[in-house]
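Trainee: To start, I am sharing the structure in question, which I have written as structure tokens.
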Amino acid sequence: MDDRSKSVARVIAILDQLSVSPRPMSNLELATELDVPASSMHRLLQKLTALEFINCDADTARYSVAPRLSELGVRLAEVGGYSQPLRDLMGEIRDRTGYTVSVWVPSGARVRISALLVGTTRGITSRLPGELAEPFSTPGLAIAPQYSDDAIRKLIAMARRHGAPLGRGFTHLAQVRSAVRRVAKRGYLVGYNIRGDGWAMAAWPIPVTVSPPRPGCLAVGALVPEMRRRQVELVDFVNGLRETYLKKLGWAKAGP
């Protein structure tokens, strides 16, 4: 790798690290975490600060993501999260069912909502644009069949490094692999949050974009009694729309 490529890789690693860090980080912390010489890290941080992609607190000399980078991230997410085929898919599901429809995408050590259509079903739910969830929560598990085994291992390592729980009932790789295989075989999964907000989520793996390939999850949310009553009907309906969506994208295979 030449010097220019190495610098680009380090810049991306810095932005990725700051995007998932629960607090601002110092030059030394970033250098240690990313195995970059402190002097080189300092030069890169100064350049990124000058470009207004990151902020530096003058009192603590710690760095954090700046609004300009956040805005860029939102625009990049919208390239896929609000594409016309995806809007059509979400709109038809919401119009026919009245349920809340969302699209989730990977976000560092977690997954987050990229697009949301609020349904007419009433009830208390915490689902808001940008909301984060664990990497192997219901939407995370729906995304995971699109990962390689190596990517799953790296995601688990990242979650542990940042203190993010893997998901309910998951503590090691074998459990995650088993759950991902079940989702891949079935093609979807349903999660019931009875003890929390009383909502259920049916989730399907979908590519948000094909070129470049970006994995995502299509999630349909409804109150638990409603989901239990209409689950079979909903799954059949969404499976058909999902096949049409994949064909519009030119996806080579219509399933995980």
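Trainee: In terms of modelled amide H atoms, which long-range or inter-chain residues lie less than 5 Å from the amide H of ILE54?
Mentor: Under 5 Å from the amide H of ILE54 lie the amide H atoms of THR49, ALA66, each far enough along the sequence or on another chain.
Trainee: Follow-up. Using unit Cβ charges (K, R positive; D, E negative) and no other charged atoms, how large, in debye to the nearest 20, is the dipole of the chain about its Cα centre?
Mentor: Dipole about the Cα centre, nearest 20: 720 debye.
Trainee: Something else now. Evaluate region 3-65: find the radius of gyration of its Cα atoms, find its Kirkwood radius, and give the ratio Rg to Rh.
Mentor: When Rh is taken as the Kirkwood radius, the ratio is 0.92.
Trainee: Using just the C-alpha positions of region 75-249 as equal point scatterers, what log10 of I(q)/I(0) does the Debye formula give at each q in 0.19 1/Å?
Mentor: The Debye formula, applied to the Cα set alone, gives -1.33.
Trainee: Let me ask you something else. Going by alpha carbons, how many degrees (0 to 90, nearest 10) lie between the helix axis of 224-249 and the longest principal axis of the chain?
Mentor: Roughly 70 degrees, rounded to the nearest 10.
Trainee: May I pose another question? May I ask you to sort VAL176, VAL111 by Cβ crowding, counting other Cβ atoms within 10 Å and putting the fewest first?
Mentor: VAL176, VAL111
Trainee: Would you list MET201, MET158, MET90 from fewest to most Cβ contacts within 10 Å?
Mentor: Ordered by Cβ neighbours within 10 Å, fewest first: MET158, MET90, MET201.
Trainee: Based solely on its DSSP helices, what 222 nm [θ] is calculated for the chain when runs of n ≥ 4 H residues each add -39,500 (n - 2.57) and the sum is averaged over all residues, nearest 500 deg cm²/dmol?
Mentor: About -16000 deg cm²/dmol.
Trainee: Still on this model: Taking DSSP loops as anything outside H, G, I, E and B, show the longest stretch in the chain free of trypsin sites (Lys or Arg not before Pro) there with at most 14 other beta carbons within 10 Å.
Mentor: Of all site-free stretches, the longest is 1-121.
Taken together, the values in this text are just the output of simple stated rules run on the coordinates, not laboratory data. Fair warning: this is a prediction, and the values are worked out from it, not measured in the lab. Virtual Cβ from ideal backbone geometry, glycine too; neighbours counted across all protein chains shown.
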